[in-house]
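The values are calculated or read from the model by the stated rules, or taken from the named source; none is laboratory data. The structure displayed is predicted, hence computed values, not measured ones. With ideal geometry, Cβ positions are generated from the backbone for all residues, glycine too; neighbour counts draw on all protein chains shown.
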Amino acid sequence: MRVFRGRADTIADDRKRTAEIVGTAVETSTPALRVWSPHRQVAFGRRDVRVDGYDTAVRAAEQRNFPAIERDVGGRAVAYTGSTLAVVFADPAADRTAIQARYETATDRLAGALASVGVDTDEGEPPDSFCPGTHSLQATGKIAGLAQRVRRDVAITAGIVVVSDHATIASVLAPVYDALGVPFDPDSVDSVERAGGPGDPQRVGDAVVAAFADDP
């Protein structure tokens, strides 16, 4: 497995780097893991873009100094503060029909990584969470979420981990979700730091790398 850390100079270059990493994994038939802290931004999903209130949501994010981008997958808006972790695991050798098994493996590894830095989590999320989904981890609120994208040549598992800045994330997503017409409870946002772990993205990122790179 190849492991990548660090971010590019701009949001656009950072997204291009992820695409290049996935492409290299396919070309070399070697799994690749990227764990990093993206630039400050609100990333909107495809479902958001089709909502009448999307333009208002974009303005709400940008008025709070969160550049708005559109990501290539579904789901709802997520916010990165600069300390929030993103995880991308690209496996060109995966059984692309085993979606649930990949979710279970990724969830177990992510939970193990958080446990190693002192945060015990449960599967699931509180009501009205950001980017609601069925593959999340929570302590006193939602800390992490996972998603998958399966292509003909690679299975991509992606995740977000809120390391700190839960209040900042809640404050920007509240008006964004209101504009989108999606229920959102600001108190549902948790973080590693709020749950008693370290607020250092490098330390939490190291734990995530160790958990995912330990491939039996």
What strands (runs of 3 or more DSSP E) completely inside region 69-139 contain at least 3 residues that are in contact (Cβ under 8 Å) with a residue 60 or more places away in the chain? 78-80, 85-91
Kindly indicate the residue of region 39-65 that is within 22 Å of Gly133 (Cα to Cα), over 20 Å from the mean Cα position of the chain (by Cα) and buried (at least 16 other Cβ atoms within 10 Å of the Cβ) and also modelled with the lowest pLDDT among those meeting that condition. Val51
Among Val58, Val26, Val78, Val49, the single one that is under 18 Å from Arg151 (Cα atoms) and hydrophobic (A, V, I, L, M, F, W, C) is Val26
Which of the residues spanning region 183-211 are part of a loop (DSSP other than H, G, I, E, B), buried (at least 22 other Cβ atoms within 10 Å of the Cβ) and touching a Pro at 6+ places or on another chain (Cβ under 7 Å)? Val192
Would you tally the residues in region 1-17 being over 16 Å from Ala32 (Cβ atoms) and touching a residue at least 12 places away in the same chain (Cβ under 8 Å)? 2
Sole miss for Ser136 among (1) among the hydroxyl-bearing types (Ser, Thr, Tyr); (2) touching a strand residue (DSSP E or B) at 6+ places or on another chain (Cβ under 6 Å); (3) at pLDDT below 95 is condition (3)
Which of the residues that make up region 32-51 are more than 19 Å from Asp14 (Cα to Cα) and without any contact (Cβ under 8 Å) to a residue 40 or more places away in the chain? Arg46, Arg47, Val49, Arg50
Which residues, counting only those in region 18-44, are in contact with a strand residue (DSSP E or B) (Cβ under 8 Å, 6 or more places away or on another chain) and assigned to a loop (DSSP other than H, G, I, E, B)? Thr30, Pro31, Ser37, Pro38, His39, Arg40
Would you pick out the residues in region 153-169 that are touching a residue at least 40 places away in the same chain (Cβ under 8 Å) and surrounded by fewer than 19 Cβ atoms within 10 Å (Cβ to Cβ)? Asp153
Restricting attention to region 104-120, the residues that are over 27 Å from Gly23 (Cα atoms) and either at pLDDT below 95 or surrounded by fewer than 22 Cβ atoms within 10 Å (Cβ to Cβ) (or both) number exactly 7
Among the residues of region 94-109, write down those that are farther than 18 Å from Asp120 by Cα and either out of contact with any strand residue (DSSP E or B) (no Cβ under 9 Å at 6 or more places or on another chain) or among the aromatic types (Phe, Trp, Tyr) (or both). Gln100, Ala101, Tyr103
Provide a single number: the residues in region 180-204 that are in contact with a strand residue (DSSP E or B) (Cβ under 7 Å, 6 or more places away or on another chain) and over 25 Å from Arg34 (Cα atoms). 1
